[in-house]
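The values are calculated or read from the model by the stated rules, or taken from the named source; none is laboratory data. In this text, all values refer to a predicted model and were calculated from it rather than measured experimentally. No Cβ is skipped: glycine too gets one built from the backbone with ideal geometry, and neighbour counts run over all protein chains shown.
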Amino acid sequence: MTAPVIKVITDSVCDVPVDVAARLDITVVPAVVNIGQESYLDDGIQITREEFYRRLPTLRELPTTSACPLGVTQELMAAKAAEADHLILITTPAHLSGIYNTFHVAAEAVAPGRYTLIDSGQITMGMGFLVIAAAEAAAAGADVAAIRAILDQMQPRIHVFGALNTLENLRKSGRIGWAMAITSQLLQIKPLIEVTQGKVTPLARIRTFKRATERLRQLALDLAPLERLAVLHTGNPEGAEALRDSLAAVFPPAQTPVVHVNPALGTHVAARGLGIALVTQSQAN
Amino acid sequence: MTEQTTTQPQHLTLDGQQLKGLLLAGMAWLEQHYQIVNQLNVFPVPDGDTGINMLLTMQSAWAEIAELEDTHVGQIMRKFARGAVNGSRGNSGVILSQIWRGFSVALREREILDAQAFAEACQTGVKFAYDAAPKPAREGTILTVVREASEVVQECVENERDLTAIMARFVEQANDALIRTPDMLPVLKEAGVVDSGGQGLTYIFEGMLRRLRGESLEAEMEKSASVVPVRKPAPVMSAAEFGHPYDVQLLLRGQELDVAKIRAAIEAMGDSAIVTSDGESTVKIHVHVYDPGRPISYASRLGVVGDVVVENMYEQYLENVGAGPLAEPPPAPAVELTPEDVAVLAIAPGDGLARIFYEQGAARLVSGGQTMNPSTEEIFAALQEIPSEKIVILPNNSNVILAAQQAARKARDKTVAIVPSKNIPQGISAMLFYANAHMNEDQRHDMDTIVRGMRESLDLVLSGEVTTAVRSVHMDGVRAKAGQLIGLLEDRLVVAGDDLAQVTSDLVGAVDADEYELVTLYYGADVDGIKARALGEVLESTYGDLSFEVIYGGQPHYHFLLSVE
């Protein structure tokens, strides 16, 4: 008996690099970025992330994101369903986005009884690591139960941290609620945040971005040994590469992807922010 | 009781009331001379004046015994020392109070004071002074003066019973040691002064000696009013009071531009002139003028003019009147604390600075700092008002650290730690660590972690200041006249000049821009906010690699405090 063919489908909030997705045959359903009256698929074609972050500081109104239209989702999913025995669907947390529901409806239509829908509970590469792990396991012939076990085991070891260059966008978007604890009416603050289960927790008020970056590095060092690492940025590739190289002692730079954070998160983080996503090694290792 | 002769009356013993008279005479003689002591600052900046600090310490001590009719020397000295400790302010005031505490311990059981008792008191006083001083003890200070004087007393008490003669030797040796303080401390030598605390102590014992000799306590010098007015910003300035309304910035490109000549011409047009260049082809010009056309047409005669920005600052000022810092409610704490929480008590001058400390979670502010050092008692009272049992004190001034330590020792029912911030930027840096720890449920009760982190935060910032020189000085290779503006970075004199914007800009120029990212300018009570912010924008364009933040500090005397990080 041959192993069942399992394919992984996710949405673009996971930030899995294009080459990795191609290599592991991961289907990424693009979310929709709305800038003013214009809508673009976050597919790297209609609007690249470089372009998004170039434009972000100049926009009076903050961009919003929404789920991919059901039709497009269904089409992409149907193509994969034709090649696979089973689909693993890993999405942005349901409490943050309609993507989970869209995936559910689409999967019911094109692959009823042949899919497993998973709320990742994470965003950006925190979610991306789950997607990659699932695809790697599937390629290695793991079954659905084994894949689920891998994801459950990885979930608590995922950490996502960010250093914001400005609180401007959070003020604009009215999401100052969680930011209140970290903001200052008087002093310039470069906040350090943690993203867990899609929720943002303020970690520290820091006065300079350099020091905030240093703290990101320190967080990674403190959590080492690491199983996986990615460096995140919102239109700050030089800063991201420097951060990646400065972490060479805990993780090989060649295996550390540097990724543009998706617009859904980036719109709040604002341009020129930096972050890290990592998975710590499990105790067994 | 001994007979008084006309020239050198002998005193073999003194009772409590006579000792009281001596202490009063010491205070009075210091009062005659405290301004001289004030002027012995190493740095020509208005700061914690040693003379006034020691005098206030003496006055607080005197208030405890003024009404006492006790003749018991030990009783008088005990209360005097207690008053000195409670009222001690500034490092010299604290050390002085410890000398008196040593006296009181040595004399506790003494009905009367004789030569032997005085010698013991001196010895114990020296011990207490050294114990209180920062370690390692620095020679060339009040410590050296009191120690050497006491050593002479120990020697001569072997065969001398007359307190007048012994006191004369004390004062003689104190003066001798005082004159040698510049040889022991290079900073004194460079500033061309003797140690101020040592001088204050010498005056006190000179006054006591004069009393023993029956000499006059009226100094032969002219006394002048000494009250330092605290400057407040004017409510609304008229256009005339405001001065040059137009802020003009432009970029001049040309061939072989003579920057010095252009700077002189621009400076002659108005104030806040800043002229900088990168070589000879581009010159950046900024100036505040009445006629914005003048700098522009001047520059256009020399080359190509671009990036012209003209702003009417007076109009902006009028728009902002009422919305400025004065219209805001007085600073108040922003956090509620439980007894388990670690709390912060900060010492800071100025309502703007107080507001920053409160916003970052300070439980209580004691007003003071550079020029007005709070007393041990004021700090102690504030400690008592804080509901927490664990308190960190941020003195924010090196001359407040000892008084803070003394207050901490007094507050026996609380755990008090001093994080020795020497200036406001260090204090705010430490305060941010506290703010972060306070957000964290695991850390907010953890005194050790918070104190360690706050201490480590002190060194994250450089501190600078722009103020007016209180005397002429030549130090660190810079010459400044009294009344000129001076800029200091990390206690090093960097620049002197007559224009606030240029001096501030040159001071920022001394910062290694590769090393640092952010310069925060806290503007003082006498600086207009619009002009301060305009200066911030100019600096931002002058020093492209640094970013600038301009915040109202409200501190007196210091036009700008700079934090570089």
Determine, yes or no, whether A:GLU227 is surrounded by fewer than 19 Cβ atoms within 10 Å (Cβ to Cβ), outside any helix (DSSP H, G or I) and away from chain B (no Cβ under 14 Å).
yes
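In region A:58-78, which residues are farther than 10 Å from A:THR267 by Cβ and either part of a strand (DSSP E or B) or under 19 Å from the mean Cα position of the chain (by Cα) (or both)?
Hits for region A:58-78 are A:SER66, A:ALA67, A:CYS68, A:THR73.
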Applying the selection to region B:206-246, what residues are touching a Ser or Thr at 6+ places or on another chain (Cβ under 8 Å), at pLDDT below 85 and of a type outside the set (A, V, I, L, M)?
B:HIS244
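Any idea which of A:THR201, A:THR213 is within 13 Å of chain B (Cβ to nearest Cβ) and in a strand (DSSP E or B)?
One residue alone meets the criteria, A:THR201.
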Of residues in region B:384-397 being surrounded by 24 or more Cβ atoms within 10 Å (Cβ to Cβ) and assigned to a loop (DSSP other than H, G, I, E, B), the one modelled with the lowest pLDDT:
B:ASN397
With respect to B:ALA129, determine if the residue is without any contact (Cβ under 8 Å) to a residue 40 or more places away in the chain, assigned to a loop (DSSP other than H, G, I, E, B) and either under 26 Å from B:LEU56 (Cβ atoms) or not small (Gly, Ala, Ser) (or both).
no
Considering residues of region B:543-555 that are away from every other protein chain (no Cβ under 14 Å) and out of contact with any Gly (no Cβ under 7 Å at 6 or more places or on another chain) only, the residue surrounded by the most Cβ atoms within 10 Å (Cβ to Cβ)
B:TYR543
Looking only at region B:46-64, and only at residues there that are buried (at least 22 other Cβ atoms within 10 Å of the Cβ) and of a type in the set (A, V, I, L, M, F, W, C), the one that is farthest from the chain's Cα centre (by Cα):
B:ALA61
Residues of region B:346-363 satisfying the condition of being assigned to a helix (DSSP H, G or I) and more than 13 Å from every other protein chain (Cβ to nearest Cβ):
none
Do any strands (runs of 3 or more DSSP E) lying entirely in region B:234-305 carry at least 3 residues that are small (Gly, Ala, Ser), outside the structural domain of B:GLU537 (by TED's automatic domain parsing) and within 21 Å of B:GLU540 (Cβ to Cβ), and which ones are they?
B:271-277
Of residues in region A:230-257 being outside any strand (DSSP E or B) and among the small types (Gly, Ala, Ser), the one surrounded by the most Cβ atoms within 10 Å (Cβ to Cβ)
A:ALA240
Mind checking which helices (runs of 4 or more DSSP H) fall wholly inside region B:1-98 and carry at least 2 residues that are aliphatic (A, V, I, L, M), touching a residue at least 12 places away in the same chain (Cβ under 8 Å) and over 25 Å from B:ALA117 (Cα atoms)?
B:16-38, B:50-65
Breaking point among (1) under 20 Å from the mean Cα position of the chain (by Cα); (2) within 14 Å of chain A (Cβ to nearest Cβ); (3) within 26 Å of B:ALA268 (Cα to Cα), for B:GLY536
(1)
Which residue is nearest to A:ALA277 (Cα to Cα), if the candidates are limited to region A:231-249 and must be aliphatic (A, V, I, L, M) and touching a Lys or Arg at 6+ places or on another chain (Cβ under 9 Å)?
A:VAL231
For region A:22-59, the count of residues that are of a type in the set (A, V, I, L, M), in contact (Cβ under 8 Å) with a residue 24 or more places away in the chain and closer than 22 Å to A:PRO93 by Cα equals 6
Can you tell me which residues in region B:154-165 are surrounded by fewer than 22 Cβ atoms within 10 Å (Cβ to Cβ) and either without any contact (Cβ under 8 Å) to a residue 12 or more places away in the chain or assigned to a helix (DSSP H, G or I) (or both)?
B:GLN154, B:GLU155, B:CYS156, B:GLU158, B:ASN159, B:THR164, B:ALA165
Got a sec? Which helices (runs of 4 or more DSSP H) wholly within region B:414-513 have at least 1 residues that are of a type outside the set (Ser, Thr, Tyr), more than 27 Å from A:GLN188 (Cβ to Cβ) and more than 14 Å from chain A (Cβ to nearest Cβ)?
B:447-457
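Condition check ((1) among the small types (Gly, Ala, Ser); (2) within 10 Å of chain A (Cβ to nearest Cβ); (3) under 22 Å from B:GLN484 (Cα atoms)) across all residues:
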position	(1), (2), (3)
B:THR520	no, yes, no
B:ASP526	no, no, yes
B:SER541	yes, no, no
B:HIS557	no, no, yes
Within region B:365-378, can one find any residue that is surrounded by fewer than 24 Cβ atoms within 10 Å (Cβ to Cβ), part of a helix (DSSP H, G or I) and away from chain A (no Cβ under 14 Å)?
yes
Condition test on B:ALA381, is it out of contact with any Ser or Thr (no Cβ under 7 Å at 6 or more places or on another chain), modelled with pLDDT of 90 or more and within 14 Å of another protein chain (Cβ to nearest Cβ)?
no
Show the residue pairs that are 6+ apart or on different chains and have beta-carbon atoms under 7 Å apart, the first residue being within region B:369-389 and closer than 20 Å to B:GLU340 by Cβ, the second being acidic (Asp, Glu).
B:SER388/B:ASP341
